[in-house]
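Here the structure comes first, spelled out in structure tokens, and everything after it is commentary.
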Amino acid sequence: QKLPGSYLFSEIARRVTVYSSEHPEAKLIKLGIGDVTRPLVPAVIDALHKAVDEMGQAETFRGYGPEQGYDFLRNAVAKYDYASRGVAIEPDEIFISDGAKSDCGNIGDLFSVDNKVAVCDPVYTVYVDTNAMSGRAGEYDTEKGGWSNIYYMPTVAENGFVPALPTEKVDVIYLCSPNNPTGTVLNKDQLKVWVDYANANDAIILFDAAYEAFIVEDNIPHSIYEVEGAKTCAIEFRSYSKTAGFTGTRCGFTIVPKALERKGVSLNAMWNRRQTTKFNGTAYIIQRAAEAVYTEEGQKQVRENIAYYQKNAQVIKDGLAKAGLEVYGAVNSPYVWAKTPDGMPSWDFFDLLLDKANVVTTPGAGFGPHGEGYIRLTAFGDAGLTVEAVDRVAKLLKG
Ligand code: MLT
């Protein structure tokens, strides 16, 4: 009841639908929601077909699977996502799910209503809204655009998009790197500051690494567990959505280390208890599809798609910078975060781009008070249309 309005991306979809019905001739290019557009790769499609056939035969049919995920996928995650980077994660610390969004919301079941939550501002809205749904956010202040019981950490150009440590006691800290929405990253030293802080203050870091596949620079951790001490303070969320184009296929996983305890209670055991109670596991055929991402062919094919999107990110970044906008992100991320011209409010710039360039973006203000004055564009579109969208925006800004 306290949640204002609608979920950000539903509101954008609503505005776009209204605009399209009033301007049926408009050829909209959508660089708003970060939804992939390249089809699933052949290795994944082959695995899906094979698994579907297995489900149609009595000998290979499967009913309920393990709530935590099948061993074949947990073992693959441990080997290819972690051991390959020198991080030892045990299969029973890995919980397969239907995606990072669900887990980022569901994880709130482990915390009490009076736990204080800290988020970066701007922020992936799911972190905040799900805490509001769990009764942890307090009251919504329409004027400030924030919740009374959420600790907001501004991450803006002025501080290099690195949040400052909290000045009051917080219990739960959401960090996202590569960041949604700013497209910026935290390096190893910057993350170490947070890990040390969390360990010293009994706080828990919820680390969202959904975009790790886009990291190209050295010294940017793909996992928080690359940072010493993280296993006693951090939970990590991963997803196949952006890595392998699974936004509509749905699969991800959450790491809850066995070393993570608070007041003598294992969070791994708590999450296991939560999952076995409320979740019956991710579909077998989908887990087989995810497993195929780790094969040699699968890796080669998904890397090609990621490279395709990375090129789009560069096109957007360069094009907007050339058109005079201040631009961030895009290097280790599929997101480009740009300052609006002359400090224009971000919903106004969103409407202007929709109306005059027929380009759909995401207004920064939708991600929190400190997102005001920015817009976000995604690199997940078609390459040709991305070039055209950037041209249209550049012409509008010059004209
Ligand atoms: C976004 O556009 O921020 C993402 O697509 C949202 C999500 O991954 O849930």
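See the values below:
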{"read-out": "Filter result for the condition that a residue is among the aliphatic types (A, V, I, L, M) and under 18 Å from Pro42 (Cα atoms), over Ile255, Ile286, Ile235, Ile316", "value": "Ile286"}
{"read-out": "Residue count for the stretch 49-64, restricted to those that are out of contact with any Lys or Arg (no Cβ under 6 Å at 6 or more places or on another chain) and buried (at least 16 other Cβ atoms within 10 Å of the Cβ)", "value": "0"}
{"read-out": "Residue check, Thr340 of a type in the set (Ser, Thr, Tyr) and closer than 20 Å to His23 by Cβ", "value": "no"}
{"read-out": "Residue within the stretch 91-106 that is modelled with pLDDT of 95 or more, surrounded by fewer than 17 Cβ atoms within 10 Å (Cβ to Cβ) and closer than 30 Å to Lys169 by Cα present", "value": "yes"}
{"read-out": "Residue match in the stretch 137-153 (condition: under 20 Å from Pro334 (Cα atoms) and at pLDDT 95 or above)", "value": "no"}
{"read-out": "All positions within the stretch 238-269 that are part of a helix (DSSP H, G or I) and buried (at least 17 other Cβ atoms within 10 Å of the Cβ)", "value": "Ser241, Lys242, Thr243, Ala244, Leu267, Asn268"}
{"read-out": "Sole residue being assigned to a helix (DSSP H, G or I), surrounded by fewer than 22 Cβ atoms within 10 Å (Cβ to Cβ) and more than 16 Å from the ligand (Cβ to nearest atom), chosen from Val193, Val162, Val126", "value": "Val193"}
{"read-out": "Failed item in (1) surrounded by fewer than 19 Cβ atoms within 10 Å (Cβ to Cβ); (2) out of contact with any Phe, Trp or Tyr (no Cβ under 8 Å at 6 or more places or on another chain), with Asn272 passing the rest", "value": "(2)"}
{"read-out": "Residue among Asp202, Asp196, Asp189 that is at pLDDT 95 or above and under 22 Å from the mean Cα position of the chain (by Cα)", "value": "Asp189"}
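Conditions (1) under 25 Å from the mean Cα position of the chain (by Cα); (2) surrounded by 13 or more Cβ atoms within 10 Å (Cβ to Cβ), marked per residue:
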| residue | (1), (2) |
| --- | --- |
| Glu11 | yes, yes |
| Arg15 | yes, yes |
| Pro24 | no, no |
| Ile33 | yes, yes |
| Ala47 | no, yes |
| Pro66 | no, yes |
| Gly69 | yes, yes |
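So that you can scan it fast, the table gives a plain yes or no per residue for (1) outside any helix (DSSP H, G or I); (2) of a type in the set (S, T, N, Q):
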{"position": "Thr276", "(1), (2)": "no, yes"}
{"position": "Thr282", "(1), (2)": "yes, yes"}
{"position": "Ala289", "(1), (2)": "no, no"}
{"position": "Gln301", "(1), (2)": "no, yes"}
{"position": "Glu304", "(1), (2)": "no, no"}
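The values are calculated or read from the model by the stated rules, or taken from the named source; none is laboratory data. Keep in mind it's a predicted model, so treat the numbers as computed, not measured. Virtual Cβ from ideal backbone geometry, glycine too; neighbours counted across all protein chains shown.
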